[in-house]
Amino acid sequence: MRSRSARRMDGAPPVPDRGGLVPLLVIRVLTVLVAVVLGALVWEGSAWILVPVVLASAAAVLPSIGLVALSLLLLVVSYAVNVPPGPVLLGFLAGIHALFVLYLLLLPLPLHGWISHTALREIALSYLRIQALAQPVAIVSLLLGGMPPSLPLVLAGVGAFSAWALWTVLGSSGRGPRGKAHPRANGRRPPGASN
């Protein structure tokens, strides 16, 4: 006859395997760090850097559309006002895009939970695909920044953006779900699962 402790262990729910998961806390800390770097870029040597840090921390811990929009708008407007045109645009473009993606990732997720490596890999690949177009466009805009407005250039830019948008939409709709979601990937804990 088995002991009572052995029977209790048989009836206990299994502990989920978290080997392929990342805590959402790591993503939130990364979001704040990206905002800090962008704030340091925009307000170099100024105490105003505390403003984007506070907003980014609030938007990362208590995600809401209002906080996210205010945080992004503050950084973009401050960059346009304080930073002169130059190569720093390339780094700011990559950073503000990364911050936007991280905010969108955190908006529907709970405060505590986990996300799979597969989901993060898919997000990173999408980010790199967009940056592969955004960075050359930023370089061209820097090179042509001192030139007078030209209708052919404007039409070419609109056509390139439209083609990229169509390619992005068609590429996203053509990819089906890859694999099954982990029960903790969306931050929800299975019944009886321990922290």
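Every read-out reported here was derived from the displayed coordinates using simple, explicitly stated rules and does not represent laboratory data. This is a predicted model, so every value here is computed, not measured. All Cβ positions, even for glycine, are placed from backbone atoms using ideal geometry, and neighbour counts span all protein chains on display.
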Requested in this report: Determine, for each peptide in 101-112, 68-79, 117-128, the mean count of other beta carbons within 10 angstrom over its residues, then list the peptides with the highest first.
Outcome: 68-79, 101-112, 117-128
Query raised in the report: Between rounded, prolate and oblate, where does the stretch 22-143 land on the alpha carbon gyration tensor, with a ≥ b ≥ c its root eigenvalues, rounded for a/c under 1.5, else prolate if a/b exceeds b/c?
Result: oblate
